[in-house]
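The values are calculated or read from the model by the stated rules, or taken from the named source; none is laboratory data. The model shown is predicted, which means the values in this text are computed figures rather than measured ones. Note: ideal-geometry Cβ built from the backbone for every residue, glycine included; neighbour counts use all protein chains shown. Accessible surface areas use protein heavy atoms only, side chains included; no ligands, DNA or RNA. Shrake-Rupley method; radii C 1.70, N 1.55, O 1.52, S 1.80 Å.
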Amino acid sequence: MAAIKKACVIGSGPNGLAAAIALAQAGLQVDVLEAEPTPGGAARTMGLTLPGFLHDFGSAVYPLAAGSPFFSSLPLRDHGLEWIHSPAPVAHPLDDGTAVVLERDLQAARISLGADGDAWANLMRPFVDHWLEFAPEVLRPVRLIPRHPLLMARFGLSALFSAEAIVQRFRSERTRALFAGLAAHSFLGLDEPLSGAFGMLMAVTAHAVGWPIARSGAQSLTSALCSVLSTFGVNVRTSSRVESLAALPGYDVTLCDVTPRQLLSIASNRLSKSYQQQLTGFRYGEGVFKVDYALRDPIPWKASECLRAATVHLGGTFEEIAAAENATRHGKPAGLPFVLLAQPSLFDPSRAPAGKHTAWAYCHVPNGSKDDMLPKLEEQIERFAPGFRKVVLARHAFSPADLEVMDANLVGGDIAGGVIDIRQFIFRPTWRHYATSARDVYICSASTPPGGGVHGMCGYHAARAALARLGAG
Ligand SMILES: Cc1cc2nc3c(=O)[nH]c(=O)nc-3n(C[C@H](O)[C@H](O)[C@H](O)COP(=O)(O)OP(=O)(O)OC[C@H]3O[C@@H](n4cnc5c(N)ncnc54)[C@H](O)[C@@H]3O)c2cc1C
């Protein structure tokens with residue numbers, strides 16, 4: 001009988017856990033080593049402000065997890081995960097005291113977007129209707145001949161453009177502003193290629209799978225993944241930071257849920273000089289400045305429609321958001337930053353004591369920025385919710401450096417595992433993708449395709465690549 005192969009996974013973020021599950025499903029004996037005392041990486045929930053308030057330290061809203069082909073194949077619900085959908089996925093308030101609300105149902109969105117409804121629906125419908133074919137193609141390395149060539153050609157034709165080019169088809173400033181907020185998730189300038197793809201992907205997920213939050217927070221997704229893993233007899237070994245692969249003998253394969261800089265530090269003696277050079281050339285992206293709030297009351301939005309959405313985008317018009325993103329992309333703090341805000345306790349009472357609320361907000365900053373963005377971030381919230389500061393009971397701010405202390409993958413506060421421009425979209429982190437120059441060492445973090453976000457697909461594809469090489473897939 002062939003000996004059982006042994007695998008080690010370093011890091012228990014969503015991608016490390018996905019990799020570990022895929023390896024265990026294939027019959028490998030798996031160890032998972034996690035540096036922090038709690039598994040989950042940027043999918044953890046903790047008390048950061050006052051007793052009884054629960055905050056998502058990193059990710060909070062889960063379109064890509066809900067739409068992930070791999071996560072969808074797992075019985076996560078049976079392991080305690082419950083998605084909660086707010087009535088609308090996202091709201092975008094404007095200075096006139098109203099908000100553009102993106103409805104989850106595409107037909108309802110077509111009606112609510114008025115003059116732009118048909119253009120919006122025509123752009124999104126092919127991918128919404130074919131999400132189950134589209135998701136596996138878009139959440140993997142680019143392939144020359146995709147399994148659904150017509151669908152992907154159609155996406156490529158629109159998506160390669162910038163957000164600025166895509167909004168030309170919208171007549172209303174309101175729709176253009178909505179699309180800017182979606183595209184700004186890319187961390188790219190809104191005039192850069194691929195920024196349109198992000199905007200479209202965010203919109204398509206809103207209609208196809210929604211933008212849910214997890215009941216009791218991000219940790220319940222991580223706990224569900226850990227619970228699935230435990231059915232294979234695998235438990236995450238926490239507080240076990242790996243400083244060097246030399247300390248881990250005896251494994252047939254090691255998958256590293258780390259970014260290129262960390263891989264260079266823990267595995268350099270195993271990697272060829274040319275591969276090390278390629279990793280050194282990998283570029284990190286902008287960072288984020290993040291604040292968690294304990295609130296006495298719900299946020300006092302001028303536009304009460306904002307209370308229908310778990311996610312609210314604060315930045316005003318397309319032009320304002322483009323200017324803010326352009327500044328940070330060029331290494332300068334934004335005058336008034338674009339703010340992504342989540343208000344989970346409106347839809348999940350387990351996050352705060354009865355009648356009280358939480359909010360989660362961040363803005364983009366240059367990588368490693370030391371600027372205190374708190375006043376500007378709150379100015380942007382106050383612009384659309386006058387009196388916000390008066391309902392704040394306590395706040396906890398994370399600079400980019402603070403985030404990196406909590407999770408070593410958040411290099412300089414970069415939450416996406418590296419810039420995703422065209423070059424790093426195709427060669428992520430190198431042309432080898434998950435493989436490295438060492439036959440038994442793989443990288444499986446968000447620094448591999450398809451990139452940042454909680455979907456586990458980097459881990460899943462890395463595991464499939466490792467299994468294929470071991471002849472165990
Ligand atoms: C503030 C913030 C907001 C975000 N918002 C969202 C959102 O709403 N929705 C969404 O989909 N995504 C969001 N993201 C992005 C998403 O969380 C990440 O893209 C995702 O977590 C990446 O998963 P990962 O497994 O690659 O890395 P991580 O989640 O970063 O996990 C890496 C793990 O590896 C461990 N590790 C690192 N080095 C070592 C070592 N040497 N030894 C042992 N362990 C090690 C770390 O401690 C960590 O636990 C957000 C991220 C942040 C920080």
Enumeration of residues in region 41-53 that are more than 9 Å from the ligand (Cβ to nearest atom) and open to solvent by 20 Å² or more (accessible area, probe 1.4 Å): Thr45, Met46, Gly47, Leu48, Thr49, Leu50, Pro51, Gly52
From the options Pro63, Pro87, Pro93, Pro75, residue that is touching a residue at least 12 places away in the same chain (Cβ under 8 Å) and near the ligand (Cβ under 9 Å from one of its atoms): Pro63
Residue match in region 66-83 (condition: under 27 Å from His357 (Cα atoms), of a type in the set (Asp, Glu), in a loop (DSSP other than H, G, I, E, B) and within 23 Å of the chain's Cα centre (by Cα)): yes
Among (1) surrounded by 24 or more Cβ atoms within 10 Å (Cβ to Cβ); (2) hydrophobic (A, V, I, L, M, F, W, C); (3) at pLDDT below 95, the one test that Trp360 misses: (3)
Residue that is surrounded by the most Cβ atoms within 10 Å (Cβ to Cβ), among those in region 17-35 that are over 20 Å from Gly453 (Cβ atoms) and hydrophobic (A, V, I, L, M, F, W, C): Leu23
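Select from region 237-289 the residues that are β-branched (Val, Ile, Thr), within 15 Å of the ligand (Cβ to nearest atom) and open to solvent by 30 Å² or more (accessible area, probe 1.4 Å) and list them in ascending order.
Residue satisfying the conditions is Thr238 alone.
Among the helices (runs of 4 or more DSSP H) lying completely within region 381-473, list those that include at least 2 residues that are more than 10 Å from the ligand (Cβ to nearest atom) and among the charged types (D, E, K, R). Walk me through it before giving the result.
Working: elements: 388-391, 400-406, 422-426, 457-470.
Answer list for region 381-473: 388-391, 457-470.
Condition test on Ser350, is it hydroxyl-bearing (Ser, Thr, Tyr), surrounded by 15 or more Cβ atoms within 10 Å (Cβ to Cβ) and either within 19 Å of the chain's Cα centre (by Cα) or farther than 22 Å from Ala177 by Cα (or both)? Don't jump to the end; show me each part of the working.
Details: hydroxyl-bearing (Ser, Thr, Tyr): yes; surrounded by 15 or more Cβ atoms within 10 Å (Cβ to Cβ): no; either within 19 Å of the chain's Cα centre (by Cα) or farther than 22 Å from Ala177 by Cα (or both): yes.
Criteria not met by Ser350.
Evaluate the following for Arg171: is it modelled with pLDDT of 95 or more, open to solvent by 70 Å² or more (accessible area, probe 1.4 Å) and in a loop (DSSP other than H, G, I, E, B)? Spell out the reasoning first.
On the way: modelled with pLDDT of 95 or more: yes; open to solvent by 70 Å² or more (accessible area, probe 1.4 Å): yes; in a loop (DSSP other than H, G, I, E, B): yes.
Spelling it out, Arg171 is indeed modelled with pLDDT of 95 or more, open to solvent by 70 Å² or more (accessible area, probe 1.4 Å) and in a loop (DSSP other than H, G, I, E, B).
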Residue pairs meeting the criteria (Cβ under 8 Å; at least 6 apart or on separate chains; first without any contact (Cβ under 8 Å) to a residue 12 or more places away in the chain, in region 103-117; second small (Gly, Ala, Ser) and open to solvent by less than 70 Å² (accessible area, probe 1.4 Å)): Arg110/Gly117; Arg110/Ala121; Ile111/Gly117; Gly117/Ala109
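Of Asp31, Asp56, which residue is at pLDDT 95 or above, of a type in the set (D, E, K, R), under 30 Å from Pro400 (Cβ atoms) and within 13 Å of the ligand (Cβ to nearest atom)?
Details: Asp31 fails: under 30 Å from Pro400 (Cβ atoms).
Checking each option against the conditions leaves just Asp56.
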Of all residues making up region 363-380, the number that are within 16 Å of the ligand (Cβ to nearest atom) and either open to solvent by 30 Å² or more (accessible area, probe 1.4 Å) or aromatic (Phe, Trp, Tyr) (or both): 3
Selected residue [within 10 Å of the ligand (Cβ to nearest atom), of a type in the set (Ser, Thr, Tyr) and open to solvent by 40 Å² or more (accessible area, probe 1.4 Å)] from Thr98, Thr38: Thr38
Helices (runs of 4 or more DSSP H) lying entirely in region 191-289 (those with 2 or more residues that are closer than 18 Å to Leu17 by Cβ, touching a residue at least 60 places away in the same chain (Cβ under 8 Å) and not aliphatic (A, V, I, L, M)): 218-230
Any hit, region 146-156, residues being farther than 21 Å from Ala324 by Cβ and among the basic types (Lys, Arg): yes
In region 1-28, residue farthest from Ser350 (Cα to Cα) [restricted to those that are near the ligand (Cβ under 10 Å from one of its atoms) and part of a loop (DSSP other than H, G, I, E, B)]: Gly11
